[in-house]
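Values quoted throughout were computed directly from the atomic coordinates according to the rules given, and no laboratory measurement underlies them. None of these values were measured; they are calculated from a predicted model. Because the Cβ atoms are built from the backbone with ideal geometry, glycine has one as well, and the counts that use them run over all protein chains shown.
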Amino acid sequence: MRLPAGLKAVAVAAALMALASCGEEKETPAPPPLTLRDLGAEVVARECSLCHRAAADGSLSRLSGIRKTPEGWEMTLARMESTRGVKLSPQDHRAAVKFLADTQGLAPSETAPYRYELERRPNVVESGRNADLTSMCARCHAFARVALQRRDAEEWRRLFHTHLGLWPTLEYQVLARDRDWWEEAQGWVATALGSHFPYDTSDWREWSAAPAVDFQGRWRFVGYMPGEGFAEGVMTVTRNAVDEYLVAAEEQTADGAAINVNYAAIIYSKYEWRGSGKRDNRDFYEAAALQADGVTMTGRSYWRDAPEMGSNFVVVRADRGLQRPLAVTKEGLKRGASTEITILGVGMKGEVSLGDGIAVRVTSRSEDKIVVMAEVAADAPLGRRDVRVGDAVMAQAVAVYDKIDRIEVTPGQATARLGSDKIAPVSAQFEAVAYASGGDGIAGTDDDFRIGVVAAAWDVAPYDEEASRMKDHLYAGKITPHGRFLPSEAGGNPERLYGASNAGDLKVIATVADGDVTLTGEAHLIVTKPLPPTQRGGA
Amino acid sequence: MRRQVTLTTILGALLFALAASAHAAEKDYILTAANPNKLYLIDLKRRAVARAYELPDPAVGPSFIEPSPDGRIAYVVANQARDIIGIELTSGKEVFRAHMPQVKNERVVNFGLTVSPDGAKIYSYEIPVQAKLDRYEAQPNRIAVYAANGGLDAKAEAVFINMPRRIRLLLFSKDGQHLYALGSNFYTLDPETGRIIAAYPLRQWQEPDASPYDTLNFWPTPESSDVFTAVVVDGRAEVARSYQNTDVTALFHLDLKQGVFTVSPIKGVQDTLFAVAASPDKRFAFGGFRTLSKIDLKKGALVKRVDLDRSYYQFNVSRDGREVYISGAMCDIVIHDAGNLEKKAVVLLPDCADMAGAAVRVVRLDLGK
C-alpha cells in the first residue's frame, strides 16, 4: 500500500535521539536540531498509533489513507483533542499539522478551484455540482470542505459513519429527510467522491517529488479590501527554521497610514503560505498559495475574529528584477475628463501608456508606484483597455466610458449572521460596480463592459411582502456608508411581531450619481441566526 | 372580567381542595418538562402548576414525554436522548430507566417512544452507533421493547433489528394490535415480531402538481381525540422558504381506534403550521406557529386564524374540546378558546424554566391515589 514517506523520518529521528542520549557526546557530532516536520512525525507515531494501529508496512489505520489541507488536518486534530482525549502541547500540535500536511497534503492543482474556502472568502457561490450532491454534502458546510480532501471510497464511507456518530439527528434535517440520506451517502456519494477525489493522484505524486522553494527575500505586495480600497507595501522574509519565516512588512494602508507589521509565516506542502500575527492588537491570519511561476503568491488576509473582513492580495518577488504593474486604483476613466490614477507594481520602468485617446501626465513615480493624470479625449474609443509600463502589460486593467448604464451590487446574494454573546456576528460587505451597455446600448449583451467599482450611497429595504409586513429592515441591522452591513443581535425581540428574532430578508440598495443621472442597483441579503464555528468554513 | 377570573380561581382552588380531601376525581393536567431537569404537572382548571418534580441524576435536557395509558407514569427522554426515565407522578419516584446500549462502546439515541395500551411494554426506536478504537460504525436502526416493570436498569427483552430509517414517532393502536412508526414514511408493524405489515411511502407519494410530502413530526398529541394528526408539507417548497410561507399541502390523520389513516389537503391555510392536534369530536384541528389556525376537517378548510405573541411549536386540545393549549420552548403555556380562538389565560412555569424542546402532553389522573 502507500508507505507514509514521512514516517521513515521518524525512525531516523528516533535513531538520532537514541544516539544523542547514549551519552558519548564528545565523539558523536551534535545531531541537527529536529525540524518541526520531524517533530511532527514523532508526535504522530507516538500519540496517534495508540488508536490508529500501525500495519506491517508502517501505515497507520485510517490516518494514512487520507490527504488534507493544513486546515483539514487542523480540524481533525482539534476533534481528536476534543472528543478522543488526545493531549498535545501547542508545539506538538503544530508539528503534527506540519508533518501531515507536508506528507499527506494536496497539490496546488488540487486546491486551486477551492481556494476561496482556505481563504475564507465570504458569500462565494459554489458551482459545478449537481443539486443532489449539494443537498447531501454542502448544506452544513461548503462543498469545498469535501473537495479539499482526498481519500478512496471506503474512507469516504467511514467519514459518513463519523457524521452519524457525531450528529445522530443528521438524517432528520431539512434537505436530508427528502431522501434516503444514509443509503445515498454509503452508496453513490462515496463511490463518486472516491473517483473524483481519490487518495492517489499523479498530481500529488509529482508535487511530492518537486524541490522545495526558499521564500527568503524581499516581496512587494498589493492588497484590496472591498469597501475600503488598496493597501500596499514591501515585506522582507527571513528564515527562522526550515519552512518557518519571520516577516517584516512596511505597509501603506487603504486610508493612507504607514505602519510596520512583524509576524510569522509557515509553509506547508511546499506552497501553502500561512501567516499570522497582530495588527492594532487584533489577530489576523493569511492564507496564500505560491503560484506555478515560483515568484508570485495570491491569497487573502483576514481578521481571526471576523474572517469575512479581509484583503485579497498578490505578492511578487521584489528581488528578482521583475517588472510588473499589479493594480490600478481606479478602473473607470470618463471620456472628456481628467482622472488621477495610481499604478501599483514592482520594478516598473519605462513609459506609461493607457492607449489611444488618453494623454498621460506622470505626476510622481517610483519603481513600485506611479501616479498619473489621465486626460481622456472626448472621442477616445470606449471599452476596456490595457495599461502598459515599459514592456510590461496589465491586460484590460482600465475602461473608458461615457456614461454608466447600470449598477450591479456585489455580491448579488449574501448572508449576514446575527451575533450572540457567544458567537460573533458576521457582517456583509457590498460594492457597487458600474457597467456600460456597449455599442448596442442593450444591457446584458456581449459588448457590455465593466466600468469598475464606484462610490455609492447605501440603504436597505424589505426584500418581499412578508419582510415588509415583518418590517425586517428596521430590525435586522444597519448598513454603513462604506457598504458594510452590520447585523443586530440574535434571540427573540419582544418589540417585533410574534417576538421574532432580528432575522431578516432584505434588499441592499446602492444609489450612484453619474452626472445628473441617478442609478440604483440591488442585492439580496439574508440576515439569519448565528452559526456554530465548526460550520463556518476554513476547510 | 377581572372579578370573573378571581372567582374561577377561587372556585378552582375550592374544587381542588375538595377533590384532594375526597381522594377522588381524576383531573386533567398538562404534563411537560423544562431545562435543566424539571418535570411539571399543570392543573388545567386552576391554571397553575400542581406538582413540580426533579428528574433524578443523571438527567438533563428532557425532550420527548410519553405518559403511560393510565396517566400515572411519565416516560421522559433525557440526556441528549440517551436515557428513558420513568417517573411515577403520584409519588414522584423514579420507577424506570432504560439502558439502551446493548454492547460496550455502543452509543444509542432514542427517536420515538410509545407504551402498549396495557401499560406493560415500552417501545423505543433506537439509533445505535458503535465507537471503535479508530472509527464510528453506524448500526442498523432498531426498536427495542422493555418491560415497564424492568426497573432502573431495564434491558430490552425483545429487539427488532433492521427497522426502517428516519422514524420520528412510534404510536400504538388502541387495541394494541398495531405499532405505527412514522417518519419520512409511514409503517404499520406487528408489535410482537416487528414485522412490517404495511408500508406507506409518503415521501415517494406521487400526486399531480405536488412534490413528495415532507412530514416533520415531533410531538404526537392524540390524547384528547385518539387521532394522531400531523402536518405534511411540500418538502421542496419548505426548503425554498425555510419555514416561512410554507405551502401546507395536507394533514395526515391516523385514527388510533379504527386503525385508518388519511392524508387530506386543506384549503386556505396561509401560515406555517408547525404542529396540529385534532379536537375530540374530530371535527376540527388546531395548529400553527406564529398564528393559531382552526381547520374544519370535514370541509378541509381554514375556519379562522389569530396572531400569537411569538412562535409556538406545540398545540394540544383539551379533553372536552373547549380549549387549545399552545406551548413549546420558553416558559409560557397559552390557553385559547377553541370556539372563537380568543386568548383565555397564560400559565407560567416557576422561575420561567425553559421548556426548550420538551413535549407537552395532556394527561388525566388522580394525584391523590
Ranking of A:Thr363, A:Thr410, B:Thr32 by count of other Cβ atoms within 10 Å, fewest first: A:Thr363, A:Thr410, B:Thr32
Distance between segment A:350-404 and segment A:230-292 - C-alpha centres, whole angstrom: 31 Å
Beta bridges by DSSP in chain A, antiparallel share as percent, to the nearest 5: 95 percent
For B:Asp366, distant residues with modelled amide H under 5 Å away: B:Lys27
Cβ charges +1 (Lys, Arg) and -1 (Asp, Glu), total dipole of segment B:26-366, debye: 320 debye
Debye, to nearest 20: dipole size of the protein assembly as shown, +1 on Lys, Arg Cβ, -1 on Asp, Glu Cβ: 1920 debye
Whole-Hz ³J(HN,Hα) from phi, Karplus 6.51 cos²θ - 1.76 cosθ + 1.60, for segment A:472-489, glycine and proline x: 3, 5, 8, 10, 5, x, 10, 10, 7, x, 8, x, 9, 8, 10, x, 7, 8
In nm, spacing of pseudo-spin labels at B:Gln258 and A:Met373 (7 Å Cα→C-beta vector): 9.1 nm
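Quick one: A:Val315, A:Val352, fewest Cβ neighbours within 10 Å first, how do they rank?
Fewest-to-most Cβ neighbours within 10 Å comes out as A:Val352, A:Val315.
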Order of B:Phe286, B:Phe228 under a 10 Å beta carbon neighbour criterion, fewest first: B:Phe228, B:Phe286
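What's the longest bit of chain A with no exposed trypsin sites (Lys or Arg not before Pro), using DSSP loop states and at most 10 other Cβ atoms within 10 Å as the test?
Working: sites that count: A:Lys26, A:Lys87, A:Lys422.
My reading of the result: A:88-421 is the longest stretch.
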Where only alpha carbons of segment A:324-401 are counted, the Rg and the Dmax (Å): 11.2, 33
Volume of the Cα convex hull of segment B:266-369, divided per residue and given in Å³: 105 Å³
R0 of 56 Å, Cβ-Cβ distance A:Asp200-B:Asp320: FRET efficiency to nearest 0.05: 0.20
Number of partner chain Cβ atoms within 10 Å, mean per residue of B:126-139: 5
Contour minus Cα-Cα distance for A:Asp356 and A:Glu489 (0.36 nm per residue): 42.5 nm
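May I ask you to list the GluC sites (Glu not before Pro) in segment A:358-427 that are in a DSSP loop and have at most 14 other Cβ atoms within 10 Å of their Cβ?
A:Glu367
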Segment A:445-461 - phi-based ³J(HN,Hα) in whole Hz, Karplus 6.51/-1.76/1.60, Gly and Pro as x: 9, 4, 8, 4, 9, 7, 8, x, 5, 10, 5, 8, 9, 10, 8, 10, 8
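Contour minus end-to-end for A:Ala513 and A:Glu466, with contour as 0.36 nm per residue of separation and end-to-end as the Cα-Cα distance? Please report the intermediate quantities before stating the final value.
Details: separation 47, 0.36 × 47 = 16.92 nm, distance 3.07 nm.
So the extension gain works out to 13.9 nm.
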Per-residue ³J(HN,Hα) for segment A:412-420, Karplus 6.51 cos²θ - 1.76 cosθ + 1.60, θ = phi - 60°, Hz, x for Gly and Pro: x, 9, 9, 10, 10, 10, 4, x, 10
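How would you classify segment A:217-317 from its alpha-carbon gyration tensor, with a ≥ b ≥ c the square roots of the eigenvalues: rounded for a/c under 1.5, else prolate if a/b is greater than b/c, otherwise oblate? Present the calculation step by step, with values, prior to reporting the outcome.
Numbers: a/c = 1.45, a/b = 1.39, b/c = 1.04.
Verdict is rounded for segment A:217-317.
Pulled fully out, how much extra length does the chain show between A:Ser420 and A:Thr191, if you take 0.36 nm times their separation in residues and subtract their Cα-Cα distance? List each step's numbers first, then the result.
Numbers: separation 229, 0.36 × 229 = 82.44 nm, distance 4.00 nm.
That pair, A:Ser420 and A:Thr191, stretches by 78.4 nm at full extension.
Where in chain A are the DSSP H helices whose C-alpha atoms run 15 Å or more along the long axis and whose mean Kyte hydropathy is at least -0.5? Walk me through the numbers before you get to the answer.
Numbers: long enough: A:5-22 (27 Å, 1.86); A:70-83 (19 Å, -0.76); A:90-103 (20 Å, -0.59); A:153-166 (20 Å, -0.60).
Those that pass (Cα extent of 15 Å or more, hydropathy at least -0.5) are A:5-22.
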